[in-house]
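*Asks:* The structure that follows is given in the form of structure tokens.
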């Protein structure tokens, strides 16, 4: 249970950072290149700031809960972000 997540399905930290900043992927439906450029622009900072809190795989969906390190240090779990992958 305690350990490090294996991000074999992709890194979600940049997406979490964008959501945290209020930028939602759906706004870029017709412009996926612009969204990916935004992801790349926050990538390094996101890897430093975000940690996978919990990962649950039921064989159909993988649920990943992420939290910023400073929120975790304050035990503020109200700002977690859930990423669901099927």
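Read-outs: derived from the displayed coordinates by stated rules, not from any lab. Since the structure is predicted, the reported quantities are computational estimates derived from the model, not experimental observations. FYI the Cβ positions are ideal-geometry reconstructions off the backbone, even for glycines, and counts take in every protein chain you see.
*Asks:* What distance in nm lies between label points placed 7 Å from Cα along the C-beta direction at residue 36 and residue 11?
*Replies:* My value for the distance between the label points is 1.5 nm.
*Asks:* Quick one: order 43, 13 by neighbouring beta-carbon count within 10 Å, fewest to most. Let's see the in-between values first.
*Replies:* Numbers: 43 14, 13 24.
Ascending Cβ contact count within 10 Å gives the list 43, 13.
*Asks:* I would also like to ask the following. What does the extension gain come out to for residue 19 and residue 57, with contour length at 0.36 nm per residue minus their alpha carbon separation?
*Replies:* Values: separation 38, 0.36 × 38 = 13.68 nm, distance 2.24 nm.
Taking residue 19 through residue 57 to full extension adds about 11.4 nm, to one decimal.
*Asks:* Also, quick follow-up: So how far apart, in nm, are the two label points at residue 84 and residue 43 if each is 7 Å from Cα heading toward Cβ?
*Replies:* According to this spin-label approximation, the distance is 2.8 nm.
*Asks:* Arrange 12, 66, 40 by Cβ neighbour counts within 10 Å, fewest through most, would you?
*Replies:* Details: 12 22, 66 26, 40 10.
Taking fewest neighbouring Cβ atoms as first place, the list is 40, 12, 66.
*Asks:* Would you report the distance distribution of C-alpha pairs in segment 13-85 as whole percents per 5 angstrom bin, up to the bin with the largest distance?
*Replies:* Calculated P(r), rounded to whole percents: 3, 17, 23, 23, 18, 12, 4, 0.
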